[in-house]
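In what follows, a structure is listed as structure tokens, so that the remarks can point back to it.
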Amino acid sequence: MAPSFDHLPDPEDEDYDEDEELDFSDLRERFEVQLEQGLDAFVVIDGLPSVTEETKPKLIKFLKRKLDPVGKVKEDSIFMPLGPDGTSEKFAFVEFSSAAEALAACKQLDMVPLDKRHTLRVNKMTDIERFGREGRIDENYTAPAIPAFEEKEHLRSWLADPSGRGRDQFVMYKDDRVQIFWNNEKDAPEPIVDRQHWTETFVQWSPQGTYLTSMHAQGVQLWGGPSWTRQKRFAHPFVNLVDFSPGEKYLTTWSHRPIVIPEEGHPMLSVDDDGKNYVIWDIETGKPLRSFANLDLPSNTTDEAGQPVKRKIVWPAFKWSADDKYVARLTQGASISVYELPRMGLLDKTSIKIEGVMDFDWAPATPHREGIKTYEQLFCYWTPEIGSNPAKVGLMSVPSKEVVRTLNLFSVTDAKLHWQSNADYLCVKVDRHSKSKKSLATSLEIFRVREKGVPVEVVDSIKDTVINFAWEPKGDRFVIITTAEVVAPTAVPPKTSVSFYCPEKVKGAGVGNFKHIRTYDKKNSNAIYWSPKGRFVIVATVHSQQSFDMEFFDMDFEGEKPESDKDLTANLQLMNTADHYGVTDIDWDPTGRFVATSASIWKHAMENGYHLYDFKGEQLREEPVEKFKQWLWRPRPPPLLTKEEQKQIRKNLREYSKVFDQEDADRGASADLAVVEHRRRLLDEWLAWRAQIEEEVATEREARGLPLDPIEGLVKKTDEEEDQVIEEIVEEIVEETEEIIG
């Protein structure tokens with residue numbers, strides 16, 4: 001049926017006004033093409049090289065190879081207009097088969113390098129059309145306004161301690177207050193900032209100490225600089241946990257509540273983030289890079305009793321490579337997904353399939369392997385026994401995905417992965433069951449990453465179960481805690497033993513086999529805390545209701561070495577013991593000079609507060625703090641000195657020490673002098689007050705006609721007065737005898 005035009009005005013009608021605008025709104029509403037619907041499958045690709053009509057087909061074919069992984073497109077679906085001079089305009093229109101493929105192209109191909117000199121910029125056609133209609137795009141070029149330079153605060157200014165003593169800072173969270181202090185050793189700490197309601201749940205330093213993180217229902221805020229102003233904010237509603245990349249470039253936030261994007265939109269997140277739990281952010285720009293949902297167990301997963309299994313949150317869920325270039329996530333039992341930063345695209349666009357994989361961990365530093373000159377990162381993983389296949393530990397190189405080393409294991413109940421801080425060693429703690437599966441024993445499989453072929457040394461002389469293991473930072477010694485009892489969450493901690501290990505001495509620059517130094521039995525210890533500089537270690541009992549012991553050990557004691565340890569690279573000595581009732585946390589400062597132990601109200605409400613010790617275990621301060629929650633030392637960034645410069649400083653340390661010792665003595669002497677001067681000032685003030693009072697009394701007595709000396713004149717002797725002699729007779733019975741005469 002043809003449309004009717006009876007409702008339109010007749011030009012021959014006398015009431016017809018030629019200048020009157022016709023109302024086509026109803027037709028426009030019915031027949032206008034909606035760009036958002038008709039062009040959703042089109043994208044515009046900018047950043048292409050300029051080509052001629054002859055070379056254009058070659059570029060289209062090359063570009064098509066980039067587009068095919070996202071969505072299949074035909075060569076005639078790529079339109080590349082040419083300018084008046086016969087060369088292309090450096091952009092192209094591409095039609096995909098669906099709007100979903102076009103959206104995927106925008107996400108996956110935007111900012112992707114086409115070659116060394118060209119980077120693709122991909123946008124939806126509808127976005128460009130909409131922005132143009134709304135006046136957001138001006139056809140006339142206007143030079144951008146350059147804002148005036150504003151000097152920003154130095155975010156690492158605290159490293160230049162104004163006192164010149166190289167002090168460290170710490171943050172303390174108590175009740176609803178967050179306070180930051182300078183550490184003054186034995187003296188009361190010097191306050192820097194004190195704010196109420198600065199955070200809602202907890203505070204956290206970034207790995208290099210640049211930012212202090214505060215947590216809020218609206219999201220995360222980062223603070224820093226001398227004035228402690230807000231540097232960044234990340235709007236993740238109801239955020240629970242945060243994790244920084246090692247270089248402080250990126251941030252992961254997690255909330256147990258899925259993100260809900262309201263109809264009016266969100267200031268930072270988009271509709272694509274709706275229903276997600278994790279967000280990875282770029283700290284410099286403050287923008288989200290990608291979001292992820294929680295990994296859910298299959299709906300039919302049950303435990304041995306047939307009850308549904310509740311997945312426990314594993315944190316961090318996304319683990320960072322040492323260079324901030326990769327972040328990876330484990331899908332337990334199936335694969336490891338490695339993402340490249342900052343694009344957050346899958347490495348080689350696919351996850352690494354590893355059947356049965358249980359856990360993985362990145363090397364904490366860029367490894368230096370003998371004979372390997374190419375740049376690489378390493379991560380380790382382990383898989384359990386599956387059918388007749390043994391359990392396996394593997395080392396994989398990234399980005400090549402080359403399996404560097406594998407090790408087969410048998411009778412494995414569980415395994416834990418422990419990297420040494422320089423990535424020189426990897427220790428795999430393997431719990432093995434007996435044939436009857438009624439008892440457990442532990443072996444330590446140590447991968448020597450630096451050596452050619454990555455040989456593995458086995459320490460299998462351990463008869464009991466290892467419940468804690470810790471490498472010496474930047475060193476090659478380790479401490480373990482073992483127990484023969486069944487480890488269970490009881491009020492009475494199990495009896496444990498603490499063992500120390502180090503390499504043998506060998507000729508040359510190599511590292512010998514690991515040997516047992518000493519074992520201390522009949523302990524309740526459950527935690528190991530190495531100094532960040534190595535050498536000193538604390539073995540302690542924490543989170544216990546009955547035992548609170550702390551033992552301070554020196555692995556390089558300068559005293560006489562026992563004959564049995566002559567061939568070892570350590571000289572173990574117990575320096576001191578201490579106890580802190582209800583201790584829940586132990587923290588070394590970043591220099592390894594001081595240790596703070598604390599009892600948090602988050603664990604119990606008894607005798608909350610902190611103690612401060614030096615590295616030898618001597619207590620410097622003890623301060624009860626009501627409603628105490630957290631104590632955290634501020635981390636330091638890596639030193640700017642080269643290894644040779646650091647080695648030279650250690651070599652001349654005694655010369656530097658003389659200067660520091662003199663400064664300490666002068667500071668102590670000045671402190672004593674201050675005390676003496678304070679007492680002298682108080683005495684002078686009292687003497688001046690007394691003289692003033694005496695003068696006032698004398699003036700008042702003179703006005704009243706009284707003698708100046710109130711004692712004078714009370715008893716006056718004259719020459720006429722004679723002395724009176726008073727005699728006293730005293731009778732005393734020396735002896736009395738009574739005799740009866742009959």
Go through the range 378-393 and give me each residue that's surrounded by fewer than 18 Cβ atoms within 10 Å (Cβ to Cβ) and either among the β-branched types (Val, Ile, Thr) or within 27 Å of the chain's Cα centre (by Cα) (or both).
Ile386
Sole residue being in a strand (DSSP E or B) and more than 15 Å from Asp579 (Cα to Cα), chosen from Lys507, Lys533, Lys522:
Lys522
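To keep it simple, each residue is scored yes or no on (1) assigned to a loop (DSSP other than H, G, I, E, B); (2) modelled with pLDDT of 85 or more; (3) among the small types (Gly, Ala, Ser).
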residue	(1), (2), (3)
Pro635	yes, yes, no
Leu641	yes, yes, no
Asp684	no, yes, no
Glu694	no, yes, no
Gly705	yes, no, yes
So how many residues does the range 369-381 have that are at positive phi and either in contact with a strand residue (DSSP E or B) (Cβ under 8 Å, 6 or more places away or on another chain) or not in a loop (DSSP other than H, G, I, E, B) (or both)?
0
Identify the residue in the range 73-130 that is among the β-branched types (Val, Ile, Thr) and within 17 Å of Ser270 (Cβ to Cβ) and, among all such residues, is surrounded by the most Cβ atoms within 10 Å (Cβ to Cβ).
Val122
Against the condition in contact with a Lys or Arg (Cβ under 9 Å, 6 or more places away or on another chain), in a strand (DSSP E or B) and within 19 Å of Met125 (Cα to Cα), how does Val73 come out, does it pass?
no
So, Ser525, is that one in contact (Cβ under 8 Å) with a residue 60 or more places away in the chain, surrounded by 17 or more Cβ atoms within 10 Å (Cβ to Cβ) and small (Gly, Ala, Ser) or not?
no
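Considering only residues of the range 79-127 that are β-branched (Val, Ile, Thr) and within 27 Å of Asp272 (Cβ to Cβ), which is nearest to the chain's Cα centre (by Cα)? It would help to see each step written out before you state the result.
To start, the set of residues in the range 79-127 that are β-branched (Val, Ile, Thr) comprises 87, 94, 112, 119, 122, 126.
So of that shortlist, the ones also within 27 Å of Asp272 (Cβ to Cβ) come out as 94, 112, 119, 122, 126.
Details: Val94: 44, Val112: 31, Thr119: 34, Val122: 35, Thr126: 42 Å.
Selected residue: Val112.
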With respect to Thr210, is the statement that it is surrounded by 19 or more Cβ atoms within 10 Å (Cβ to Cβ) and of a type in the set (S, T, N, Q) true?
yes
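Just to check your reading of the model, which residue among Leu48, Leu59, Leu63 is over 27 Å from Met344 (Cβ atoms) and surrounded by 12 or more Cβ atoms within 10 Å (Cβ to Cβ)?
Numbers: Leu48 fails: over 27 Å from Met344 (Cβ atoms); Leu63 fails: over 27 Å from Met344 (Cβ atoms).
The conditions single out Leu59.
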Top-ranked residue of the range 430-481 - restricted to ones that are hydroxyl-bearing (Ser, Thr, Tyr) and out of contact with any Lys or Arg (no Cβ under 8 Å at 6 or more places or on another chain), ranked as nearest to Asn526 (Cα to Cα):
Thr465
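Would you check which residues across the range 618-633 are in a loop (DSSP other than H, G, I, E, B) and under 20 Å from Arg535 (Cβ atoms) and list them?
Taking the range 618-633 and keeping what is in a loop (DSSP other than H, G, I, E, B), we get 618, 625-627.
Scanning the range 618-633 gives a single hit, Glu618.
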Show the residue pairs that are 6+ apart or on different chains and have beta-carbon atoms under 7 Å apart, the first residue being within the range 263-290 and farther than 10 Å from His236 by Cβ and modelled with pLDDT under 95, the second being among the charged types (D, E, K, R) and crowded, with 20+ Cβ neighbours inside 10 Å.
none
Val242 meets each of (1) of a type in the set (Val, Ile, Thr); (2) assigned to a loop (DSSP other than H, G, I, E, B); (3) in contact with a Ser or Thr (Cβ under 8 Å, 6 or more places away or on another chain); (4) crowded, with 20+ Cβ neighbours inside 10 Å with one exception, condition (2)
Scan the range 433-444 and give yes if some residue there is surrounded by fewer than 20 Cβ atoms within 10 Å (Cβ to Cβ), at pLDDT 95 or above, out of contact with any helix residue (DSSP H, G or I) (no Cβ under 7 Å at 6 or more places or on another chain) and not small (Gly, Ala, Ser), otherwise no.
no
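Out of the range 526-544, which residues are hydrophobic (A, V, I, L, M, F, W, C) and over 26 Å from Pro638 (Cβ atoms)? Before you say what the answer is, go through the steps one by one.
Within the range 526-544, the subset hydrophobic (A, V, I, L, M, F, W, C) is 527-528, 530, 536-540, 542.
Within the range 526-544, Ala527, Val539, Ala540, Val542 meet the criteria.
The values are calculated or read from the model by the stated rules, or taken from the named source; none is laboratory data. Every value quoted in this text rests on a predicted model; they were computed, and no experiment measured them. Heads up, the Cβs are rebuilt from the backbone with ideal geometry, glycines too, and the neighbour counts pull from every protein chain shown.
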